[in-house]
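Working notes for the structure below.
The values are calculated or read from the model by the stated rules, or taken from the named source; none is laboratory data. Computed from a predicted structure; not experimentally measured. Neighbour counts run over all protein chains shown; Cβ positions are idealised from the backbone, glycine included. SASA here: full protein model, heavy atoms, side chains in, ligands and nucleic acids out. Shrake-Rupley method; radii C 1.70, N 1.55, O 1.52, S 1.80 Å.
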Amino acid sequence: MSLNIALQNALSGLRVSQGGMDIVSRNISNANTEGYTRKVAEQLNVVYRGQGAGAALAEVRRQVDEGLRRELENSTSLQSKLQVVDTVLSELELGFGKPNENTSIAGQLNTLRNSFEQLYANPENLTAQQAVLDKAQSLIDGLGAMSDQVQELRERTDADIATAVEETNAALAKIAELNDDIARLKAQGRSTADVEDLRDIEVRKVAENIGIKYFERSDGKLVLMTESSRYLVEYEDFQLSFDTTGGMDPNARYPGVLGGVTLNGVDITGEISSGKIGGLLELRDQRLVQAQGQLDEMAATMTEMFQATGVELFQDNGATFARGAGDVNVVGLSQRLTLNQDIIDEPWRLREGSDVVAVPTESANIGDTTIIEGIIDAFNATRAFTTTEPGGLTLGTGTGVTLQSYAAGIVSFQGVQRANTQAQLSFEQGLNLSLDQRLKNESGVNIDEEISTLIQLQTAYAASARVVSTITQAFDELLSINR
């Protein structure tokens, strides 16, 4: 072996060590950088014409467990969905209160019942009559406030969908841009590892908003799809779109008044089941509609209950309530309930009946409690409640129960829904944390390992430098012989 070949081998060793040190320094400097993965490069034995010709570094690549990364992204989508659902349900639970609280609809209904029992003991007492009206108005106000809260939450989720769609489109555009960069670098034979890290960050953003799946083409470009296999990123441009609806009301539904999420003009709302967008759609179109339906059904049944006693205490915006075909008038009733003005003007009608034709004036028998007793009995009677909200959503509080039990069931239902969501969220958060930690352990930078590698590279560099120095000295001796 000539000294020239030996020198080339030693110099290649220096270059390999320098390249390794460069990779190690990048790893250490980015140890705490979000989304950065450990970079490695395999050292190769160079053979030229059957003879060893030193060493070289292969292309710098990432150390990533792709299967684990996919699991983490799937978990991220589900966790994001549960997170937004839990946030809204917590507000709903707080607004509805607890069954044993006087401020809840169950508590307010019980207070109204108690006021009728007090009126039963003093049917002629104007103060007792006015107390009933005050409690009835408080119940109406409570139902209206809860209904308003439901619609405000629906309006907010509608606006949040638009924000999430905008964020997703921005991430998709960035992925398409990074795809082009990766394909270009790969065609030039250069490392794509750092650009792939940037692309992974954008993929994670998309996964937070909508469930995805993907695969990588031979040119390095990532093809991103929805869970239902619709392209999000491919060779052509794809974009989500969504239009918000202002002024939400109980009749606003999807499809119809409310808009859906479209992908290049195709409505994919029904195909989105995870991610933040999936959770927001579920809230807007199902869970909150269900809560509104429960309030409206209670309002309707309570109104009908009083109508049957001869005291039409509650009305639909000042008119007699009737469900209508397909319960069309039930929707939004909890926002429209008013007290019967005839009873407000003449409170004695609580004792004698609200029909101004049948009962034009107050009778002399001011101690008669027949109607009041019938109202109290009506509170205790079990009755059938409509089990579905117009649109087919199950109300989920049971049938064949008293009005009081139904009201308590509505409040308890929200608490159970929140508890179930919290349990799922807690599990998913633990799983996500575990997957994230595993991925960081396998793909992240371990400072101790990098320092150990750096020491090895430093030793190799010093050895190669010593070889170069020795060969240089040998060349000097040869030259001195010729002189």
**Study point:** Pairwise label distance in nanometres, residue 236 with residue 219, each label 7 Å out on the Cα-Cβ vector
**Key:** 1.6 nm
Check your understanding: What's the extension gain from residue 474 to residue 170 if we count 0.36 nm per residue and subtract their Cα-Cα distance?
Key -> 103.2 nm
Point to revise | Distance in nm between pseudo-label sites at residue 466 and residue 114 (7 Å out along the Cβ direction from Cα) | key: 9.3 nm
Check your understanding: Taking only protein heavy atoms and a 1.4 Å probe, what accessible area per residue, in Å², does segment 191-269 have with all protein chains in place?
Key -> 46 Å²
Check your understanding: Can you work out the FRET efficiency for the pair residue 102 and residue 286, with r the C-beta to C-beta distance and R0 = 35 Å, to the nearest 0.05?
Key -> 0.70
Point to revise | Charge sum, other residues only, whose C-beta stays under 10 Å from residue 177's C-beta, Lys/Arg counted +1 and Asp/Glu -1 | key: -1
Revision key, fill the gap. Along segment 139-148, Karplus-curve 3J(HN,Hα) (6.51, -1.76, 1.60; θ = phi - 60°) to the nearest Hz, with x for Gly and Pro, reads 5, 4, 4, x, 4, x, 5, 5, 5, 4
Revision key, fill the gap. Placing each pseudo-label 7 Å from Cα in the direction of the beta carbon, residue 53 and residue 424 end up separated by a distance in nanometres of 6.2 nm
**Study point:** Label point 7 Å beyond Cα of residue 32 along Cβ direction - residues of segment 441-483 with amide nitrogen under 17 Å
**Key:** 444-448
Study note, to complete from the structure: Sorted largest first, the C-alpha extents of the chain along its principal axes in whole angstrom are 145, 42, 31
Review point. Once phi is turned into θ = phi - 60°, what whole-Hz ³J(HN,Hα) does the Karplus curve with 6.51, -1.76 and 1.60 give for every residue of segment 16-21, x standing for Gly and Pro?
Key: 4, 5, 5, x, x, 5
Practice item. Tabulate in residue order the Karplus-calculated ³J(HN,Hα) for segment 307-324, using 6.51 cos²θ - 1.76 cosθ + 1.60 with θ = phi - 60°, rounded to whole Hz; enter x for Gly and Pro. Key: 4, 5, 8, x, 10, 7, 5, 10, 9, 9, 6, x, 10, 4, 7, 9, 4, x
Practice item. Roll a 1.4 Å probe over the protein chains and send me the accessible area per residue for segment 333-464 in Å². Key: 50 Å²
Check your understanding: Where the centroid of each part is defined by its Cα atoms, how far is segment 94-173 from segment 414-483 in Å?
Key -> 59 Å
Point to revise | Relative contact order computed over the chain (Cα-Cα under 8 Å; 6+ residues apart), in percent | key: 24 percent
**Study point:** Loop GluC sites (Glu not before Pro), segment 222-260, which have at most 11 other Cβ atoms in a 10 Å radius of their Cβ (DSSP)
**Key:** 236
Exercise for review: For segment 43-72, run through the trypsin sites (Lys or Arg not before Pro) and keep only the ones in DSSP coil with at most 14 other Cβ atoms within 10 Å of their Cβ.
Suggested key: 49
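Calculate for the chain the 222 nm mean residue ellipticity that helices alone would give, adding -39,500 (n - 2.57) per DSSP H run of length 4 or more and normalising by residue count, nearest 500 deg cm²/dmol.
For the chain, the value works out to -20500 deg cm²/dmol.
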Review point. Just in segment 233-316: which trypsin sites (Lys or Arg not before Pro) are loop by DSSP and have at most 16 other Cβ atoms within 10 Å?
Key: 253
Check your understanding: What whole number of Å gives the distance from the Cα centroid of segment 190-232 to the Cα centroid of segment 265-339?
Key -> 42 Å
Point to revise | Residues with amide H under 5 Å from that of residue 54, placed H, sequence gap 5 or more | key: 46
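What length, rounded to one decimal in nm, is gained on full extension from residue 188 through to residue 159, with 0.36 nm per residue of separation minus their alpha-carbon distance?
6.0 nm
If each residue of separation counts as 0.36 nm, what is the full-extension length gain between residue 441 and residue 262 once their alpha-carbon separation is subtracted?
Residue separation times 0.36 nm, minus the Cα-Cα distance, leaves 60.6 nm.
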Exercise for review: Starting from the Cα of residue 481, step 7 Å toward the Cβ, then list every residue of segment 1-21 with an amide N under 20 Å from that point.
Suggested key: 1-8
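Taking 56 Å as R0, compute the FRET efficiency from the Cβ-Cβ separation of residue 377 and residue 244 and round it to 0.05.
Numbers: r = 49 Å, r/R0 = 0.87.
For residue 377 and residue 244, the calculated efficiency is 0.70.
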Point to revise | Residues with amide H under 5 Å from that of residue 383, placed H, sequence gap 5 or more | key: 400, 401, 402
Exercise for review: Evaluate E = 1/(1 + (r/R0)^6) for residue 46 and residue 459, where r is the Cβ-Cβ distance and R0 equals 25 Å; express this FRET efficiency to the nearest 0.05.
Suggested key: 0.75
Revision key, fill the gap. Carbon plus sulfur, as percent of the 1.4 Å-probe accessible area of the chain, comes to 50 percent
